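Heads up: the structure comes next, in structure tokens.
The values are calculated or read from the model by the stated rules, or taken from the named source; none is laboratory data. Here the structure is a predicted model, which means the values were calculated and not measured. Every residue, glycine as well, gets a Cβ built from its backbone with ideal geometry; the counts of neighbours run over all protein chains shown.
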């Protein structure tokens, strides 16, 4: 036989009980949702804080590297300026004539009985004037100037432009033009 249950609780009490259980369930779900939301918020906040710290560390590292690069840039600019100045100096040295070569050779080849009193230099020509003990000494000087082992390493040609005998001193006054080899003084 089937037993029939009889409910003694009125429908309003039952509805109220269901309402309370539903409310209790909603509160539990809300608390669970609150706990989940709070833990997600805490996780996101912690992650954000970690990222912010890493960003700050990265910014500091970037600033430090920028300072290094700036110091290298200053060094590079300085090196570039020094290089340009060195090239300019090298250009000056290459473009100017080295007269010491001329004077060394003249001192080496000048006979004792010849004295040079005036010397002027143009592009590849030297004009000299002076005195000698005799015409032969002048001729000897002009031959030595173009002799390959002596003055010929510096001079291509020697022309006597004037010569005269000083009757009082007995010396020969001369003027000569010596042609230098092309760009020989720019060594």
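When 46, 86, 38 are screened for being farther than 30 Å from residue 166 by Cα, modelled with pLDDT under 90 and surrounded by 10 or more Cβ atoms within 10 Å (Cβ to Cβ), only 86 passes. Could you tell me whether residue 126 is in a helix (DSSP H, G or I), in the same structural domain as residue 169 (by TED's automatic domain parsing) and touching a residue at least 12 places away in the same chain (Cβ under 8 Å)? Against the criterion (in a helix (DSSP H, G or I), in the same structural domain as residue 169 (by TED's automatic domain parsing) and touching a residue at least 12 places away in the same chain (Cβ under 8 Å)), residue 126 does not qualify.
If you go through region 131-154 one residue at a time, do you hit one that is surrounded by 15 or more Cβ atoms within 10 Å (Cβ to Cβ), within 51 Å of the chain's Cα centre (by Cα) and in a strand (DSSP E or B)? Among the residues of region 131-154, not one is surrounded by 15 or more Cβ atoms within 10 Å (Cβ to Cβ), within 51 Å of the chain's Cα centre (by Cα) and in a strand (DSSP E or B), which makes the answer no.
Residue check: is residue 56 at pLDDT below 90 and in a helix (DSSP H, G or I)? No: the conditions fail for residue 56.
Within region 91-118, track down each residue that is at pLDDT 80 or above and closer than 17 Å to residue 181 by Cα. Before the answer, list the steps.
To start, the set of residues in region 91-118 that are at pLDDT 80 or above comprises 103-118.
Selection gives 103, 104, 105, 106, 109.
Scanning region 155-171 for residues that are surrounded by 13 or more Cβ atoms within 10 Å (Cβ to Cβ) and under 15 Å from residue 118 (Cα atoms) yields 160, 163.
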